[in-house]
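J.: My questions all concern the structure below.
The values are calculated or read from the model by the stated rules, or taken from the named source; none is laboratory data. Since the model is a prediction, treat every value here as computed from it, not as a measurement. Counting neighbours? That spans all protein chains shown, and the Cβs are built from the backbone with ideal geometry, glycine included.
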Amino acid sequence: MNIFKTLKRGNQREEEFFSASLAILLDEIPEFTSFLIEKLLNNKIDVKNLEIKLEESFSDGRIDIAIKSLNLDVYIENKISAGLGDFQLERYSNYLKTRPNETRLILLTRYYIDDESINYTDKHVFWSELYSLIESFKKSKLDYRKVEDDTKIYLLNQFLDFLKDENMSDEKVSWEYSEGVKSFLNLLNMIQSVLDQLEKEKVINNYGKINIGIDWAGIYINQQDFWVGVNYSDLHELCLSIQDSFIKKYDDNKFENLKRHTSDTPYGYDFNKTYFLAFSKEEQKIAIYDFIKACINDINKSIQ
């Protein structure tokens, strides 16, 4: 069991969780913090007087992580799926100019951001690059790995595994690539076929086309009242979520038992627990059919 993946199941917002997780790593392994800053900024810091702070707030905003030392303060703004706010980095840059210490600003994102305001940062780095830097730290610090306690090594490995599971690593494309893509498309086609059957049986009113996004792939149901599909961060689970547009149609009191099934925490069908991948094609279609139908029936009961 991965400690970071387990903690992510809470109610914390995605970006807040990733920032907090990275802050744990930076705080518990100051040698890595020093290594990271030297690699990204070509600056050195004093690890003996290091302070890691989450969410440094000021009158015009809030920066996700602050790394403070005697000679240099490094600030990290983290973006997972959200974009930059209006003049966000410019405001941060202006704030840092007022600080007594020398400062640097790093923008850490999952994907490329096409925004001129990036010029207000000292470094823009991807999470996948961060993954590679953590790996590089492990490989280059053989002596460190021998003498430091096992807890730090365990923490590094757990964080690397977590980023791998979240598809935020920078790894070799393996031989499974072509067949894996075909299987994934087969799954989407199977979901579409099941929805067609459910529409004919009037379990659902209608469904849309297959949509493939940066973080997910799936299909909207009943004019975007619901969504069924897979999030790339957990390819072993089929999800069905209730969209805000549906909830707004009804009295909130009817949704006390369903609020956990919104887009943040949807209904889930775990392929691993049910041995779905070992089923025949027809058995897989039946399993998906039963899952979606059970979810829709549960939702309909709540609004009667």
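J.: Any idea how many residues of segment 95-105 are of a type in the set (Val, Ile, Thr) and not in a loop (DSSP other than H, G, I, E, B)?
T.: Matching residues across segment 95-105 total 1.
J.: Tell me, yes or no, whether segment 286-293 has at least one residue that is free of Cβ contacts under 8 Å to residues at least 12 places away in the same chain, more than 13 Å from Leu238 (Cα to Cα) and assigned to a helix (DSSP H, G or I).
T.: Yes: segment 286-293 contains one or more residues that are free of Cβ contacts under 8 Å to residues at least 12 places away in the same chain, more than 13 Å from Leu238 (Cα to Cα) and assigned to a helix (DSSP H, G or I).
J.: Let me ask you something else. Give me the pairs: first residue in segment 169-182 and at negative phi and exposed (fewer than 11 other Cβ atoms within 10 Å of the Cβ), second residue basic (Lys, Arg) and assigned to a loop (DSSP other than H, G, I, E, B), beta-carbon distance under 7 Å, and six or more apart or on different chains, which are they?
T.: Short answer, once both residue conditions are applied: none.
J.: Given the conditions (1) under 23 Å from Ser81 (Cα atoms); (2) surrounded by fewer than 17 Cβ atoms within 10 Å (Cβ to Cβ); (3) of a type outside the set (S, T, N, Q), which single one is not true for Lys248?
T.: Exception for Lys248: condition (1).
J.: Also: If you scan segment 130-146, which residues turn out to be at pLDDT 80 or above and of a type outside the set (A, V, I, L, M, F, W, C)?
T.: Scanning segment 130-146 gives Tyr131, Ser132, Glu135, Ser136, Lys138, Lys139.
J.: State the number of residues belonging to segment 201-240 that are within 20 Å of Asn300 (Cβ to Cβ) and surrounded by 14 or more Cβ atoms within 10 Å (Cβ to Cβ).
T.: 15
J.: Hey, another quick one. Can you list the strands (runs of 3 or more DSSP E) found entirely within segment 26-94 that contain at least 2 residues being more than 23 Å from the chain's Cα centre (by Cα) and surrounded by fewer than 20 Cβ atoms within 10 Å (Cβ to Cβ)?
T.: 51-58
J.: If a residue must be without any contact (Cβ under 8 Å) to a residue 24 or more places away in the chain, under 30 Å from Leu155 (Cβ atoms) and exposed (fewer than 14 other Cβ atoms within 10 Å of the Cβ), how many such residues does segment 95-135 contain?
T.: Number of matching residues: 1.
J.: Let me ask something else. Does segment 230-247 hold any residues that are over 17 Å from the mean Cα position of the chain (by Cα) and either under 23 Å from Ser169 (Cβ atoms) or aromatic (Phe, Trp, Tyr) (or both), and which are they?
T.: Phe246
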